[in-house]
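Contents: one structure, followed by commentary.
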Amino acid sequence: LSNIDTCSNPVVLTQEGANQQSPEGVAVDQAGNSASAIKTGINIDQTEPSIVINVPVNLTEYVLAEQVNANWSTADLLSGVKSESGTVPNGELIDTASAGDKIFEVSAIDFADNSNSLQVAYKVLSPAEATEKLIGIIQDINLTTPDERSLNKKLTNALRNISKEKYD
């Protein structure tokens, strides 16, 4: 038997992608015999998974108890998504049970252990806040005739009365 005399220098693989690299190595023993090997199918993934949150929409306002289904997705084109999670599973109802500012988050980890997370903020309006917003929209309508202004005033007063009766 003969010991190894020389072998190829180490190869540093840096090109990212699936099956993008096939390094080759050669070894020669002291008797002059040589052998080579090629390693194929090497995947390098240094990119975090991508995340898209369609719903809830960032900085959107929803009404208390509104039925809003989460809509989000994750992807990783190089090694694939190993795990993903959201504040609620995709397609389930988001939290609109109480008024206030909310955060919705989605996280993902790929098979190369790269991770990513994305957050969006949304607000759940109380009935009083929603009523005031609606009144503001009505009052912003450019009404010019006395009949139109009268209708605007009646709508505004009706909304305020409904809000007081239901939520005070």
Open item on the list: Explain nothing, just the number: relative contact order of segment 23-168, from Cα pairs under 8 Å at least 6 residues apart, as a whole percent.
Closed with: 21 percent
Task: Qualifying GluC sites (Glu not before Pro) in segment 1-97, DSSP loop, other Cβ atoms within 10 Å at most 12 - done: E92
Open item on the list: Rounded to the nearest percent, how much of the accessible area of segment 49-90 (1.4 Å probe, protein heavy atoms only) is carbon and sulfur?
Closed with: 54 percent
Open item on the list: Pairs of alpha-carbon atoms within less than 8 angstrom and 6+ residues apart define the contacts here; what relative contact order does segment 1-92 have, in percent?
Closed with: 23 percent
Open item on the list: Using only Cα atoms and rounding to the nearest 10 degrees, what angle (0 to 90) does helix 127-140 make with the longest principal axis of the chain?
Closed with: 70 degrees
Task: In degrees, nearest ten, helix 146-167 long axis to first principal axis of the chain (Cα) - done: 70 degrees
TODO: Name the residues whose placed amide hydrogens come within less than 5 Å of the amide hydrogen of Y62, ignoring near sequence neighbours (fewer than 5 apart) on the same chain.
DONE: K123, V124, L125
TODO: Take the Cβ-Cβ distance between V88 and E132 as r, set R0 to 22 Å, and report the resulting FRET efficiency rounded to the nearest 0.05.
DONE: 0.20
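Please give the charge dipole size of the chain, origin at the Cα centre, charges +1 on K and R Cβ atoms and -1 on D and E Cβ atoms. Round to the nearest 20 debye.
840 debye
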Task: Net lengthening on full extension, N161/I141 (0.36 nm per residue, minus Cα-Cα) - done: 5.2 nm
- [ ] Would you be so kind as to identify which of N54, A158, T6 lies farthest towards the positive end of the dipole of the chain, taking Lys and Arg as +1 and Asp and Glu as -1 on Cβ and the Cα centre as origin?
- [x] A158
Task: Accessible surface, per residue, of segment 37-82 when the full set of protein chains is kept, probe 1.4 Å, Å² - done: 61 Å²
TODO: Mind listing the long-range amide H neighbours of K82? Cut-off is under 5 Å, sequence gap 5 or more, other chains count too, H placed in the peptide plane at 1.01 Å from N.
DONE: I109, D110, F111
Task: Mean separation of Cα contacts under 8 Å, 6 or more apart, over the residue count of segment 61-130: relative contact order % - done: 39 percent
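The values are calculated or read from the model by the stated rules, or taken from the named source; none is laboratory data. Everything numeric here is computed off the predicted structure, so don't read it as measured data. Counting neighbours? That spans all protein chains shown, and the Cβs are built from the backbone with ideal geometry, glycine included. Heavy atoms of the whole protein, side chains included, go into the accessibility calculation; ligands, DNA and RNA do not. Shrake-Rupley method; radii C 1.70, N 1.55, O 1.52, S 1.80 Å.
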